[in-house]
1. So how many residues does the stretch 473-496 have that are part of a helix (DSSP H, G or I), touching a residue at least 40 places away in the same chain (Cβ under 8 Å) and buried (at least 24 other Cβ atoms within 10 Å of the Cβ)?
2. Anything in the stretch 119-136 that is within 17 Å of Ser444 (Cα to Cα) and out of contact with any Asp or Glu (no Cβ under 8 Å at 6 or more places or on another chain)? List them, or say none.
3. Output the qualifying pairs, or none if there are none: Cβ atoms under 7 angstrom, residues six or more apart or on different chains, first residue in the stretch 21-44 and modelled with pLDDT under 95, second residue aromatic (Phe, Trp, Tyr).
4. Restricting to the stretch 417-459, count the residues that are aliphatic (A, V, I, L, M) and out of contact with any strand residue (DSSP E or B) (no Cβ under 8 Å at 6 or more places or on another chain).
5. Residues Ile280, Ile225: which one is exposed (fewer than 15 other Cβ atoms within 10 Å of the Cβ) and either under 25 Å from Leu183 (Cβ atoms) or within 16 Å of the ligand (Cβ to nearest atom) (or both)?
6. Among the listed residues Val317, Val349, identify the single one that is hydrophobic (A, V, I, L, M, F, W, C) and either over 26 Å from Arg167 (Cβ atoms) or touching a strand residue (DSSP E or B) at 6+ places or on another chain (Cβ under 6 Å) (or both).
7. List, please: which pairs have Cβ atoms under 7 Å, are six or more places apart or on different chains, and start with a residue in the stretch 238-253 that is under 12 Å from Ala311 (Cβ atoms) and end with one that is in a helix (DSSP H, G or I) and within 9 Å of the ligand (Cβ to nearest atom)?
Amino acid sequence: MNSEPANRRIVRAPRGTTLTARSWQTEAPLRMLMNNLDPEVAERPEDLVVYGGRGRAARNWEAFDRIVATLTDMSDAETLLVQSGKPVGVLATHPDAPRVLIANSNLVGKWATQEVFDALERQGLMMFGQMTAGSWTYIGSQGIIGGTFETFVEAGRQHYGGDLSGRWLLTGGLGGMGGAQPLAGVMAGCSVLAVEMRPAAIARRIESGYLDREAADLDEALRLIDEAKASGTAISVGLLGNAAEVYEEILARGDLPDLVTDQTAAHDPLQGYVPAGWTIDEWESRRERDPAGVIAAAKVSMARQVRAMLAFKARGVPVFDYGNNIRQMARDAGVEEAFDFPGFIAAYVRPQFCRGRTQFRWIALSGEAEDIRVSSEALKGVVSDPTFTRWIEMASERIRFQGLPSRSYWMGLADRVAAGLALNRMVAEGVVSAPIVVTRDHISSGSVASPNRESEGMLDGSDPVADWPMLNAMSACSSGATWVSLHHGGGTGIGFSQHAGFACVADGSDAAAAKIARVLGNDSSVAVFRHADAGYPEAVETARAEGLRRPYAEA
Ligand code: NAD
């Protein structure tokens, strides 16, 4: 589907203050769409693939060109409709309405299978939007590193008394999301061994500063980790190989890690996971001629990898699924006990979700690193969370920008609103040189139904209820987000998730301030309602403390 002649083009967002579109309301989604495909940001921009297996920014290059042309001449009283990466209509709306509404990869329940999706994609009728790929808010590994860091820190707190020094984590996959693991691990204090099949992915992480070293073989990898431990430091090491095979080998040697997870793109058994014993070339060519055979082989390998993970667990190592649905794939291939180790949300993140704490991501549309530097400094005086300052200092030192400069941090309701308003003021007062986009990941507290991940093991058993992401998207629309997206299948794959995202442009206007306060506040509120409704005491308490109205709980 991506054999168009234009497939060698290089896309980068415009920089500076000169508008390509008619206002910042349309310039912002335009630059963010282009930024998703920036070669520094996207994993395979030539195929419009941004990250997460085959998560795309637009259905094909023609659709991309038409989105760009439409955003360029649309007015602030119009709204573009995008259906699975294709611009299908422009509506007459009003200035407070979203400028773009996006629906990606949604299928009616009974048809929501990988096979139906693959057939529709082959016919050119659908596109996989992953989470932030098809909603034009992906910013590279820098967008996930904060969440990954928080997960590792919490794992360290639960299992190692809050001290990960001298410990090491074994993982797989150094793609768009997985590539954040080595740096997040080292920042959290532990060494990381990441097994990856593609030499280019390892090289890319070394080049971007996310990975310290590549080892020639497992012996060297383990030696580097031992040396780091002896010198009281942490190191991240990439190893070219197949995760299923390397996990088995480590287990057989008895060199036990201190934490085990995996971030291969296992949610997509056709395009996301290389079966053990296969070369990349063999995998790519067989995907075309024998998709069913590739899927079956991938699931058999995932079953091997999950058996190895279960064996680590049996030997006392904390093991968790990092949101790629590998447990489900292994269970499909006969590993009945695959879910004996937990998912990372249920194990480490749920308490934050209950408090409406979720990601806050801001992006400088100017392209100026200085805009992020000064805004980060200024936000230190705004965000009440005491660890924010430490995170910003570590991030400034260690996390390189990819594409448009940006930062992200997990914040509670009041901090998100305060930070969004502060950024809008900085635009109005000229502290930063151009408008800022305020957004978040789709992995968020009130915006995802994903029974093997975000909504796994809910207290009231409401894991598969998908009303919440719908309510979340509708609340973002009615609150005045600049663009809003509703997706299916991100993270855990087709049939396994429903989720929503939004972005707001802070252009310095009073109207933007009002919209930002509503959108961010209501986004966190939906999260608190979702968890309070499920019976989590922290969420009930947060609703009370924040003064959020819950009619069903009112006397
Ligand atoms: P990606 O497609 O960019 O990268 C996956 C990487 O895994 C590739 O580099 C690939 O070469 C490698 N790989 C595939 N099979 C392998 C094998 N058998 N052994 C070793 N390496 C192998 O995907 P991504 O964006 O990094 O996402 C990874 C997974 O994490 C996805 O399933 C995604 O849905 C999930 N995810 C996680 C989070 C999070 O919070 N961490 C967020 C969103 C998605």
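1. Of the residues in that region, 1 qualify.
2. Keep residues of the stretch 119-136 that are within 17 Å of Ser444 (Cα to Cα), which gives 129-136.
Listed by number, the residues that qualify are Gly129, Gln130, Ala133, Gly134, Ser135, Trp136.
3. Listed by first residue and then by second, the contacts come to Glu43/Tyr51.
4. Initial filter on the stretch 417-459 (aliphatic (A, V, I, L, M)): 417-419, 421-423, 426-428, 431-432, 434, 436-438, 443, 448-449, 458-459.
Then drop every residue that is not out of contact with any strand residue (DSSP E or B) (no Cβ under 8 Å at 6 or more places or on another chain), which leaves 417-418, 421-422, 428, 431, 458-459.
Result for the stretch 417-459: 8.
5. Values: Ile225 fails: exposed (fewer than 15 other Cβ atoms within 10 Å of the Cβ).
It is Ile280.
6. On the way: Val349 fails: either over 26 Å from Arg167 (Cβ atoms) or touching a strand residue (DSSP E or B) at 6+ places or on another chain (Cβ under 6 Å) (or both).
Exactly one residue qualifies, and that residue is Val317.
7. Tyr247/Gln305
For (1) under 18 Å from Met177 (Cβ atoms); (2) in contact with a Leu (Cβ under 7 Å, 6 or more places away or on another chain); (3) in a helix (DSSP H, G or I), each residue gets a yes or a no:
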| site | (1), (2), (3) |
| --- | --- |
| Arg9 | no, no, no |
| Arg15 | no, no, no |
| Thr20 | no, yes, no |
| Pro29 | no, yes, yes |
| Asn35 | yes, yes, yes |
| Pro39 | yes, no, no |
| Ala42 | yes, no, no |
| Gly53 | yes, no, no |
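The values are calculated or read from the model by the stated rules, or taken from the named source; none is laboratory data. Everything numeric here is computed off the predicted structure, so don't read it as measured data. Cβ sites come from the backbone with ideal geometry, for glycine too, and all protein chains shown count toward neighbours.
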